[in-house]
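Presented below is the structure to which this report refers.
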Amino acid sequence: MKLSAIIANTGEWLSGSGPHDQIVVSSRVRLARNLKGKPFPGWAKKAERVAVLDEIRGAVIQLPEMKEAFSEKLEDLSPLEKQVLMERHLISREHAAKGAGSAVVMNTAQTLSFMINEEDHLRMQAIRAGLQLDEVFAMINQADGELEESLDFAFHNELGYLTACPTNVGTGMRASAMLHLPGLVMSEQVNKIINSVNKIGLAVRGLHGEGSEAMGNLFQVSNQTTLGEAEEEIIGRLNKVIFQILEHEQNARQILLQQRAETLLDQIGRAYGILCHAHSITSKEALNLLSFIKMGVDLGLFPGGYRLQVDELFIETQPAHLQKGLQATKLGSEERDSLRAALIRTKLKKMPEPEIGKIPTTPPIVQSPTSEES
Amino acid sequence: MFCDVCKSKEATVFLTQIVEGKMQKVNLCEGCSKEKGVNDPTGFALADLLLGLGAAQEIEKNPLGIRCSVCGFSQTDFKKTGRLGCSACYDAFAEGLSGMLKNMHRGLIHTGKVPARLALALSRARELAALQQGLEKAILEEKFEDAAGLRDKIRLLESEEGKESKSGESNLSGGEPDLLDGPNRLSLVQTEDVPPNPGKKS
């Protein structure tokens, strides 16, 4: 299976649907594992890394769920291809920087991916649309169970699964959900939420995980601790918190609709205007404006049929995705900005203007009969 | 004033540290200060830097610079990268790590998933311990018939275990020597001052 064939299709986590997928973009669980008796990738010599790679890759491609898998060594991928995988959250930023001795294996649905010799010998993840942490954990847990029949993972009776970084020891699990929170950002409540989530041992991060900026009002919530709790307990705690954030976001949107409808409409209308007419746009600006369009779709201001198109633009406007069709030349940032603007104009061309009448500008207590005529 | 490390660029970072009553000073340029990790005042000791300038062998002798006997990773490497060298490092640096893990996590004992092949051994070990306890109790109470029954059960369990560990070894033949002699060898947790679950209450 060729990479180009895989990336021609949008992954299931983006195009598929799941519970609460208007606000919870995706759910992801990754497990970190290491082979017993082998130095961790960061300390291993190249020959040792290659041996580990061969052993793990051999086992992974034997898995029944990886029958039609894409499997490639990172040294054989171009920088652009690596970045495309990173923008789709199929490999980490750290893994994209790796070369000889590392590899990636993923299924065609792009729901399962295995990073070999990232920070640990094996980082495997399952990702799906909407809020379904229990389901993605079940998927990756099954793969882990099948792999341990042929691979001997480093395990300690007290500390659990041993990992290169002590922050991952124990379950080796990081469960996370990507949340779209424009309502909380607009009503300036998001920092309060982030602080309270941090206090209970969960982390809130930007679009691409650790150290990345929050763009497009997208936030990643994940567990910080991995030792002292079972996998199910961690996920249960995370689920509870996500449900609360979900509720806060829905409330924030309702309050904005009732009290600041004019501002909300202005933001969505401006976003639509700029995106439809801009000839040069950075990816950051594009994401921030697309976020308003996405909220507009959620609020019913645009016909529902445009949801996927808007969601796809979040990924398609990322630097590497823009260039994936034209691999011969590497574009400069100015060229990318105009290419991005052109792509957005084309995609939004058929999308109608936001239907302002659908938003009640005053609290909907009594509907005046004449309002429908105007 | 020139940088003490590269001796070519202008020094812009001036450090003073008092170690055991003696004042130590070092002047660095921006590039060298970054390279030495000076921007992180908590993880940085002037003494390490000064030692590093002239006497690499000193670090070897330094009792603070413990090395993992299996992979050769040093505590200094760990400070620098925040990552360990191999699974045996958890044993080599156990003392320093347990404090760190305590701050990092919700407990010090893994309560989650156990690999299937170890799960059997773990549950068997627990069963064996329970039987042994019962046996001792039976002997104390002079219930010799019960004791005989328990002894037979223990023998049976032990003989099953012996058979399986032999076949397990033959499956794993040809590998490199294990870093860990077995999951039971390491004891990282100093239980005396650690509550069973020091998790933060939410």
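The values are calculated or read from the model by the stated rules, or taken from the named source; none is laboratory data. Quantities reported herein were computed from a predicted structural model and do not represent experimental measurements. Cβ: placed from backbone, ideal geometry, glycine included. Neighbour counts: every protein chain shown.
Worth a mention:
- Residue satisfying all of: in region A:1-49; aromatic (Phe, Trp, Tyr) and under 26 Å from A:Val169 (Cα atoms); nearest to the other protein chains (Cβ to nearest Cβ) among these: A:Trp43
- Residue in region B:64-71 that is touching a Lys or Arg at 6+ places or on another chain (Cβ under 9 Å) and either of a type outside the set (Lys, Arg) or facing chain A (nearest Cβ under 8 Å) (or both) present: no
- Considering residues of region A:220-235 that are small (Gly, Ala, Ser) and out of contact with any His (no Cβ under 6 Å at 6 or more places or on another chain) only, the residue farthest from A:Ser27 (Cα to Cα): A:Ala230
- Test: B:Ala92 is more than 8 Å from chain A (Cβ to nearest Cβ) and either touching a strand residue (DSSP E or B) at 6+ places or on another chain (Cβ under 9 Å) or at pLDDT 90 or above (or both): yes
- Filter result for B:Phe144 (modelled with pLDDT of 80 or more and more than 14 Å from chain A (Cβ to nearest Cβ)): yes
- Residue within region B:140-147 that is in a helix (DSSP H, G or I) and surrounded by 15 or more Cβ atoms within 10 Å (Cβ to Cβ) present: yes
- Top-ranked residue in region A:143-191 [being over 14 Å from A:Gln125 (Cα atoms) and hydroxyl-bearing (Ser, Thr, Tyr); ranked as nearest to the other protein chains (Cβ to nearest Cβ)]: A:Thr167
- Checking region A:92-110 against the condition returns no match, with no residue being more than 24 Å from the chain's Cα centre (by Cα), of a type outside the set (A, V, I, L, M) and closer than 24 Å to A:Asn223 by Cβ.
- Strands (runs of 3 or more DSSP E) fully within region A:121-214 that include at least 1 residues being farther than 30 Å from B:Ser87 by Cβ and touching a residue at least 40 places away in the same chain (Cβ under 8 Å): A:122-129, A:173-180.
- Taking strands (runs of 3 or more DSSP E) as the structural unit, those lying wholly within region A:1-114 and holding at least 3 residues that are closer than 19 Å to A:Gly145 by Cα correspond to A:24-33, A:103-107.
- Positions within region B:95-139 being without any contact (Cβ under 8 Å) to a residue 12 or more places away in the chain, charged (D, E, K, R) and assigned to a helix (DSSP H, G or I), in sequence order: B:Glu95, B:Arg126, B:Glu136, B:Lys137
- Contacts under 6 angstrom Cβ, first residue in region A:267-278 being without any contact (Cβ under 8 Å) to a residue 40 or more places away in the chain, partner aromatic (Phe, Trp, Tyr), 6 or more apart: A:Ala271/A:Phe292
- For region A:277-298, the condition of being hydroxyl-bearing (Ser, Thr, Tyr) and crowded, with 22+ Cβ neighbours inside 10 Å holds for at least one residue.
- Of the set (1) over 26 Å from A:Ala138 (Cα atoms); (2) away from chain B (no Cβ under 14 Å); (3) surrounded by fewer than 17 Cβ atoms within 10 Å (Cβ to Cβ), all apply to A:Glu247 but (1).
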